[in-house]
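Trainee: The structure that follows is given in the form of structure tokens.
The values are calculated or read from the model by the stated rules, or taken from the named source; none is laboratory data. These numbers were taken from a predicted model, which means no experiment stands behind them. Positions of Cβ are generated from backbone atoms using ideal geometry, with glycine treated the same way; all protein chains shown enter the neighbour counts. All accessible areas refer to the heavy atoms of the entire protein, side chains included, with ligands and DNA or RNA removed. Shrake-Rupley method; radii C 1.70, N 1.55, O 1.52, S 1.80 Å.
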Amino acid sequence: MSYKIGLVGKPSVGKSTFFNAATMNDVPEGAYPFTTIDPSVGEAYVRVECAAPEFGHTCTPNHGYCDDGVRFVPTKLVDVAGLVPGAHEGKGLGNQFLSDLNEADVLIHVVDFTGETDLEGEPTTDHDPREDIDFLENELDMWYLDVFEKGIERHQTGYNGADGDIEADLAEQLSAFGIGEDEIKQVILAEELELDPDTWDEADRQALAREIRMRTKPIVIAANKMDTEAAQDNWGAVTSDPDYEHLTFVPVSAHAEKALKNGDEQGVLDYRPGDEDFEVTADLPEAKAAGLEEIREFVGAYGGTGVQDVIETALFEVLDAIAVFPGARKPQDDGTFLQDCFVLPDGSTAEDFAYFLHTDIGEGFLHAHDVRSERQVGAETELDHRDVLEITTTN
């Protein structure tokens with residue numbers, strides 16, 4: 001599991017419910033601040049069309065599972081606690097929040113689209129969900145700006161020598177965010193600024209820190225509680241606001257997903273995560289049956305509960321990740337064919353994949369074979385989503 005998705009949101013918006021629905025873990029849920037104190041890490045899944053049927057095989061996955069030709073590939077989901085206004089100043093669980101957050105490759109921000117919780121997570125009415133979106137981005141931007149300013153100070157004090165490049169000093173200071181010299185230089189030039197911090201004003205520094213944050217901590221908005229009229233009323237105004245064109249929104253009902261998965265586990269209905277319908281398989285009390293019909297109406301209208309969609313949006317659309325199957329040109333008919341499927345960064349090469357599988361495999365890489373086309377490919381060949389690749393190595 002090479003990627004880690006951070007789940008963030010102010011208290012009492014349904015973040016823990018989302019986490020439980022996605023992972024079927026059992027972390028505390030409650031409508032009061034800091035229900036979750038420590039970060040919870042669980043295994044969520046992204047759907048990938050299984051390649052095994054193309055070769056006349058069935059698969060027995062080593063990780064995750066396969067359901068009627070759909071492979072559920074594991075990824076890590078981290079429920080990060082402590083987001084309140086002023087987190088970057090240490091308020092709430094601020095320092096712990098930022099430390100936990102830095103482990104994530106992409107963030108899912110769970111927002112209560114009903115507007116029924118204020119910025120502190122307390123019950124209210126007519127709260128604008130845009131305030132929640134703004135305050136998260138502001139907290140992250142202020143956090144990045146503080147680290148960014150330390151990088152400028154490092155440069156101006158000659159920490160790396162009088163002739164050190166600003167991008168090198170910033171890259172060293174910002175290394176925990178996973179950004180290097182070349183990309184920092186690109187950001188500076190894209191903002192039409194000189195490679196000299198003495199020419200930057202406060203607005204320039206804020207713009208640079210924000211752009212670096214957007215590149216290294218992209219955000220997807222899980223518009224939660226969209227099975228309510230209040231949330232649906234807010235959806236159009238928020239998603240059509242040009243100030244949020246840089247964000248991706250996914251309508252979600254974490255409550256509905258949890259209910260369907262619970263029903264499936266209990267054997268009273270058949271439900272595959274991400275599907276837009278389900279089948280009730282048992283006689284239920286009238287109230288429960290009515291509740292399920294309301295959920296059916298929602299998932300039919302929105303194409304699912306949104307929980308699965310927002311996780312896949314984070315990995316496959318926002319991060320542009322790809323899924324790759326290790327394969328064999330002459331598979332054995334013993335259930336071992338395509339046992340694995342891994343999620344890799346876009347632009348990964350055949351040699352990158354070899355190193356991902358094991359350092360020894362990468363160091364002994366000779367060539368690879370595209371199992372579908374039966375063509376040999378070289379080390380620098382870039383892989384596509386759902387490629388099936390056999391690696392030939394001296395090790």
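Trainee: Within the range 44-68, track down each residue that is modelled with pLDDT of 95 or more and in contact with a helix residue (DSSP H, G or I) (Cβ under 6 Å, 6 or more places away or on another chain).
Mentor: Once the filter is applied, which keeps residues that are modelled with pLDDT of 95 or more and in contact with a helix residue (DSSP H, G or I) (Cβ under 6 Å, 6 or more places away or on another chain), the range 44-68 yields Ala44, Val46.
Every residue, every condition in (1) over 30 Å from Ile152 (Cα atoms); (2) over 23 Å from the mean Cα position of the chain (by Cα), yes or no:
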residue: Ala203; (1), (2): no, yes
residue: Ala223; (1), (2): yes, no
residue: Ala237; (1), (2): yes, yes
residue: Leu247; (1), (2): no, no
residue: Glu257; (1), (2): yes, no
residue: Arg272; (1), (2): yes, no
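Trainee: Do any helices (runs of 4 or more DSSP H) lying entirely in the range 178-268 carry at least 3 residues that are under 16 Å from Phe18 (Cα atoms), and which ones are they?
Mentor: 254-265
Trainee: Can you find, within the range 359-391, the residue that is farthest from Val343 (Cα to Cα) among those that are hydroxyl-bearing (Ser, Thr, Tyr) and loosely packed, with under 15 Cβ neighbours inside 10 Å?
Mentor: Residue satisfying both the conditions and the ranking: Ser373.
Trainee: Examine the range 154-161 for a residue that is crowded, with 17+ Cβ neighbours inside 10 Å and over 27 Å from Leu7 (Cα atoms), and state whether such a residue exists.
Mentor: yes
Trainee: Being open to solvent by 20 Å² or more (accessible area, probe 1.4 Å) and of a type in the set (A, V, I, L, M) is the filter; apply it to the range 112-144 and report the residue that is nearest to Ile179 (Cα to Cα).
Mentor: Among them, the one singled out is Met142.
Trainee: Please give the number of the condition Asp275 fails out of (1) charged (D, E, K, R); (2) in contact with a strand residue (DSSP E or B) (Cβ under 8 Å, 6 or more places away or on another chain); (3) under 24 Å from His63 (Cβ atoms).
Mentor: It is condition (2) that Asp275 fails.
Trainee: For Arg210, which of the numbered conditions (1) closer than 30 Å to Gln232 by Cβ; (2) touching a residue at least 40 places away in the same chain (Cβ under 8 Å) fails to hold?
Mentor: (1)
Trainee: For the range 1-43, how many residues meet the condition of being modelled with pLDDT of 85 or more, open to solvent by 20 Å² or more (accessible area, probe 1.4 Å) and of a type in the set (A, V, I, L, M, F, W, C)?
Mentor: Adding up the residues that qualify gives 1.
Trainee: Run down Thr393, Thr305, Thr336 and say which single residue is among the polar types (S, T, N, Q) and under 27 Å from Ile5 (Cβ atoms).
Mentor: Answer to the selection: Thr305.
Trainee: Would you please list the contacts, defined by Cβ atoms under 6 Å and residues six or more apart or on different chains, that run from a residue in the range 374-393 that is without any contact (Cβ under 8 Å) to a residue 24 or more places away in the chain to a residue that is of a type outside the set (A, V, I, L, M, F, W, C)?
Mentor: Sorted first by the residue in the range 374-393, then by its partner, the pairs are Gln376/His367; Gln376/His369.
Trainee: Let me ask something additional. Return the pair list, or none, for Cβ contacts closer than 8 Å from residues in the range 357-368 that are under 10 Å from Ala379 (Cβ atoms) to residues that are open to solvent by less than 80 Å² (accessible area, probe 1.4 Å) and among the aromatic types (Phe, Trp, Tyr), at least 6 apart or on different chains.
Mentor: Gly362/Phe356; Ala368/Phe353
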